[in-house]
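The values are calculated or read from the model by the stated rules, or taken from the named source; none is laboratory data. Just so it is clear, the model here is predicted, and its values are computed rather than measured. Cβ coordinates were reconstructed from backbone atoms using ideal geometry, including for glycine residues, and neighbour counts include every protein chain displayed. Only protein heavy atoms, including side chains, enter the accessible area calculation; ligands, DNA and RNA are left aside. Shrake-Rupley method; radii C 1.70, N 1.55, O 1.52, S 1.80 Å.
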Amino acid sequence: MASNRVFMVAEKPSIALSIASVLSHGQMSTRRGSTEVHEFEGKFLGVHVHFKVTSVIGHVFSVDFPEKYQNWTLTDPLDLFQAPVLKTEANPKAHIRRHLSQEARGYGNLVLWLDCDREGENICFEVIDCIGHSNETRRKIYRARFSSVTEKDILKAMDNLVEPNKDEALSVDARQEIDLKVGVAFTRFQTHFFQGKYGNLDARVISYGPCQTPTLGFCVQRYLQINTFKPEKFWVIRPYIIQKGYELQLEWERNKLFDFDVAVMFQKLVMEDGMLVVTEIVEKQESKSRPSGLNTVNLLKVASSALGFGPQMAMQIAERLYTQGFISYPRTESTAYPSSFDFRGTLGAQVNNPTWGDYVQRLLADGYQKPRSGTDVGDHPPVTPLRSATEDMLGNDAWRLYEYICKHFIGTVSPDCKYVRTKVDFSIGGESFHCVGQRVLAKGFTSIMPWLAINEKNLPQFTKGEKLEVSKVDLHEGLTSPPDYLSESELISLMEKNGIGTDASISVHINNICERNYVQVQAGRKLVPTALGITLIRGYQCIDPDLCLPDIRSFIEQQITLVAKGQADHFRVVQHVLQQFMQKYSYFVKQIENMDALFEAQFSPLADSGRVLSKCGKCLRYMKHISSQPSRLYCNTCEEVYYLPQKGSIKLYKEITCPLDNFELLICSMPGPDGKSFSLCPYCYNSPPFEGIDTLFGAVKSGPSGKLGKGAGMPCFLCPHPTCRHSLIAQGVCACPECSGTLVLDPVSAPKWRLCCNMCNFLVLLPQGAHQISTTRERCPDCDSTILEVDFNKKTTPLENGETLYTGCILCDELLHSLVEMKYGKSFFGSRGRGRGRRGGHRGRGRATGKKVDPRMSFRDF
């Protein structure tokens, strides 16, 4: 019966394994699927049932526009604000949707073990959508809420199952739709506008994001403060005294003066007096408070400032520690521990740790402290260690982050640091000076967190009214200095303060502005904006400052939070926000010349960029190759841009012209020893002349949506031209055994001749050292593959009597078959043929039609 079967889904395979191991007491069977499936018998809500546990791998779906809105050239970005959106499989090759649908058949109960945050709630409903409802009975759906994958937490979650939260899931849908439509509309417009005019932007796309751009704005704001800063001279009076053999410098109550003559006057008054009088001695016991619980934002700040990890890397390490069961869930906004938190048990797990076990033992023996009251957001407890580990178990980077998490937790339940602060005031020549000393009474939590320790400074003994002779009086000259570039840690604080992003997305936004070449991370994890980043922000400030200020994003996040709490309608929030941005977009387009003036002053026009490379087929004048991202050709006469593959080097191909449009062909050589080389016509690559060319190669992409240029991406090895010597028809040899592509002759691979698949990375190494290998117009009578002509080297020819010229099929001819070698593929048997099918109205090389294949026509012996 379906009611006696329980299907469970976790967010990651490792969590599914932990859940199954706990609930089955290790007595389970495991088999492979799209993700692993664990099955066992057990009890569910007091009834004996059969359990099946599997997982997704993050989001099952991603949000995108329908196909008709994907073309950058044909779609007006303004239309995107009102365009429909659809959900497509985020990772189609993993077949998660099919996997869940098949595995859930016949199971009447669904328990969702997704991460307990808004994203996890959204994935819950993605899983429900994949599975649908059972035919036999309406499936019962439960939600498990947990903060760690320990046995205690898993069993507690099973005893307290709830319903999934639809409102939280809808809040994620709202954010995804807003970010997609706003980001893609602005990105397409400004990329198309600026990359069509300037050659040295060094960015594939000029992207905009409702979170990403205000994040960049903080970095540029600091840059502008530094650049507009004007240093000023200042002067400080520094008297010194010698007391019991120690020289002591006193601090001036006025701190500093910006008038030299006045500073000299005060110096003379002090020197003429010459005697200091102790006017006051204040000794006060103070304490430095232990830290509150550790949340995600503070973890990221410490990882960047103290450990040198970028936010993205820090989160990846933390997530790995979580899935391995070493720490609790690392995405949390709370710094307050729940009242039920087991401090003794968590500390007890660290008693035997070789690094801090002794300290923990003393803490448990003397009695641990109640943690400071922090902020309870109601999501997850603060990040805490769950089990003990050593550096050998985790590796260097993971150990350093784990070590901090452990020491922070131990510090939260350690005593405060107690110290005595002594301040001695002096008077001389009518001016006041002082010195401060600090003496630690009890180290408290700073014993385990020494980087937060109080700096001790011992003062000599003074008595009130005591007179002391000044040993010297210096007039120190200094210069005011600008603030430093924003550090990642400071940027995270600003984002949190202004409501930009969430604990889950802050690291992503910072990573995005780095990858887009808007900022560069320099020594000390300082974020220095590039010329492109600075010009963009200054442009937004000229047209509409709201586009780069945090206020609008903060408002959006507030609205989304209302959706998550069920206090606002998802549809209305999305429509209201999109209407605002639609009006801003229209105004931005009308005012783009204001931003363009800044770009013109900073960057070189296309006409002045790049180097002369090949002839344009329209005007027969030479075009320039602009190698900075995105790689492209520019014809100054026609004022046309032709995008090229974004990886590999580009060269002219023997001044050969395309028979269709008279453009000179180019050779693109991909990087690496096994990188393929192929020819392409710049015009055909951007505007494929044949219908049915549905698989394009190496096109410039912008996230999940759209290609740059109309139909970018048709090289010669996809071209079905019937007579051109460089087309698929002429250079194709046989079907690829690994995919539905065709093996084509690499035109410039000599002397290491080879065939490359025009779809995947499959390679066939041909006889090495041959003078020449070329395709012929002949076909193999057995398999219809193209016959190759091989001109062997005289010294190494395998032919009898020193012959060098040989023709044959690499699949059917025994000699050639023995001389070829396969790379990047599995051997295959008779299920795939080597025949030539028909595709798109022209002769192509696809899969065979099922006839039995001769054993010689396989790569099984490679």
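Counting only protein heavy atoms, what percent of the accessible surface of the range 337-446 is carbon or sulfur at a 1.4 Å probe? Mind showing how you got there, number by number?
Numbers: 2090 of 4900 Å².
For the range 337-446, the apolar C and S fraction of the accessible surface comes to 43 percent.
For the chain, which DSSP H helices look membrane-span-like by this rule: Cα extent along the axis of 15 Å or more and mean Kyte-Doolittle of at least 0.0? Mind showing how you got there, number by number?
Working: long enough: 13-24 (16 Å, 1.63); 118-131 (20 Å, 0.22); 166-195 (42 Å, -0.31); 212-227 (23 Å, -0.10); 260-273 (20 Å, 0.69); 311-323 (18 Å, -0.22); 396-412 (24 Å, -0.40); 531-543 (18 Å, 1.12); 550-564 (21 Å, 0.30); 570-590 (31 Å, -0.25); 592-602 (16 Å, -0.08).
Those that pass (Cα extent of 15 Å or more, hydropathy at least 0.0) are 13-24, 118-131, 260-273, 531-543, 550-564.
Any chance you could check the Cα centroid distance between the range 158-219 and the range 740-778 for me, in angstrom? Here the two parts' Cα centres lie 42 Å apart.
When the chain is described by a simple charge dipole with +1 on each Lys and Arg Cβ and -1 on each Asp and Glu Cβ, the residue from 184, 269, 415 located farthest towards its positive end is 184. Each of 642, 396, 307 was placed along the dipole of the chain (beta-carbon charges, centred on the mean Cα), and the one lying farthest toward the positive end is 642.
Rolling a 1.4 angstrom probe over the protein heavy atoms with all chains in place gives the range 5-164 an accessible area of 47 Å² per residue.
In this view, the solvent-accessible surface of residue 252, computed with a 1.4 Å probe and all protein chains in place, comes to about 10 Å².
3J(HN,Hα) along the range 735-740: 5, 6, x, 9, 8, 8 Hz, from the Karplus curve 6.51 cos²θ - 1.76 cosθ + 1.60 with θ = phi - 60°, whole Hz, x for Gly and Pro.
Summarising the amide proton neighbourhood of residue 200: residues at separation of 5 or more, or on other chains, whose placed amide H is nearer than 5 Å comprise 604.
When the gyration tensor of the range 731-828 is built from Cα positions, what are the square roots of 5 times its three eigenvalues, in whole Å, from largest to smallest?
Numbers: eigenvalues 95, 42, 29 Å².
Those come to 22, 14, 12 Å.
Amide hydrogen proximity for residue 653: with H placed 1.01 Å from N in the peptide plane, the residues at 5 or more positions away or on another chain lying under 5 Å are 665, 666, 667. In this structure the amide hydrogen of residue 733, modeled in the peptide plane, comes within under 5 Å of the amide hydrogens of 743, 744, 745, none closer than 5 places in sequence on its chain. Extension gain for residue 752-residue 151 works out to 210.6 nm (0.36 nm per residue, less the C-alpha to C-alpha distance).
Please work out whether the range 5-164 counts as rounded, prolate or oblate from its C-alpha gyration tensor, where a ≥ b ≥ c are the square roots of the eigenvalues and a/c under 1.5 means rounded, while otherwise a/b larger than b/c means prolate and anything else oblate? It comes out prolate by the Cα gyration axes.
How do 115-126, 382-393, 71-82, 299-310 rank on mean C-beta neighbours within 10 Å, highest first?
Working: 115-126: 22.9, 382-393: 18.9, 71-82: 15.7, 299-310: 20.4.
Put in order of decreasing packing, that is 115-126, 299-310, 382-393, 71-82.
Over the chain, DSSP H runs of length four or greater, each weighted -39,500 (n - 2.57), average out per residue to a 222 nm ellipticity of -9000 deg cm²/dmol.
Assuming a ≥ b ≥ c are the square roots of the Cα gyration tensor eigenvalues, decide whether the range 296-415 counts as rounded (a/c under 1.5), prolate (otherwise, with a/b larger than b/c) or oblate. Don't jump to the answer; show the numbers that get you there.
Working: a/c = 1.76, a/b = 1.16, b/c = 1.52.
The shape class here is oblate.
Just how far, in whole angstrom, is the range 104-153 from the range 1-78 if you go by their alpha carbon centroids? Here the answer is 8 Å between Cα centres.
Kindly state, to the nearest 0.05, the FRET efficiency for residue 253 paired with residue 352, given R0 = 45 Å and r defined as their beta-carbon distance.
My answer for the efficiency is 0.25.
Roughly to the nearest percent, how much of the accessible area of the range 731-828 is carbon and sulfur, given a 1.4 Å probe?
Numbers: 2100 of 4470 Å².
Result for the range 731-828: 47 percent of the exposed heavy-atom area is carbon or sulfur.
Rank 360, 325, 278 by how far each Cα sits towards the positive end of the charge dipole of the range 243-369 (+1 on Lys, Arg Cβ; -1 on Asp, Glu Cβ) and give me just the farthest. In the range 243-369, that residue is 325.
Charges only on Cβ, +1 for Lys and Arg, -1 for Asp and Glu: so what's the dipole of the chain about the Cα centre, in debye to the nearest 20? Mind showing how you got there, number by number?
On the way: 100 positive and 94 negative charges, 435 e Å.
Its charge dipole is roughly 2080 debye.
Measuring r between the beta carbons of residue 281 and residue 497 and using R0 = 30 Å, the FRET efficiency lands at 0.15. Listed peptides 658-669, 574-585 appear in the order 658-669, 574-585 once ranked by packing, highest mean of other Cβ atoms within 10 Å at the front.
Taking 41 Å as R0, compute the FRET efficiency from the Cβ-Cβ separation of residue 778 and residue 67 and round it to 0.05. Write down the numbers at each step before the final one.
Details: r = 41 Å, r/R0 = 0.99.
My answer for the efficiency is 0.50.
Averaged per residue, the range 296-415 has 41 square angstrom of accessible surface, using a 1.4 angstrom probe with ligands and nucleic acids left out.
Using alpha carbons only, the radius of gyration of the chain set against its Kirkwood radius gives Rg/Rh = 1.06.
Work out, step by step, the length gained on full extension between residue 393 and residue 268: first 0.36 nm times the residue separation, then minus their alpha carbon distance; give nm to one decimal. It would help to have the intermediate numbers written out before the result.
Details: separation 125, 0.36 × 125 = 45.00 nm, distance 6.58 nm.
Gain on extension, residue 393 to residue 268, equals 38.4 nm.
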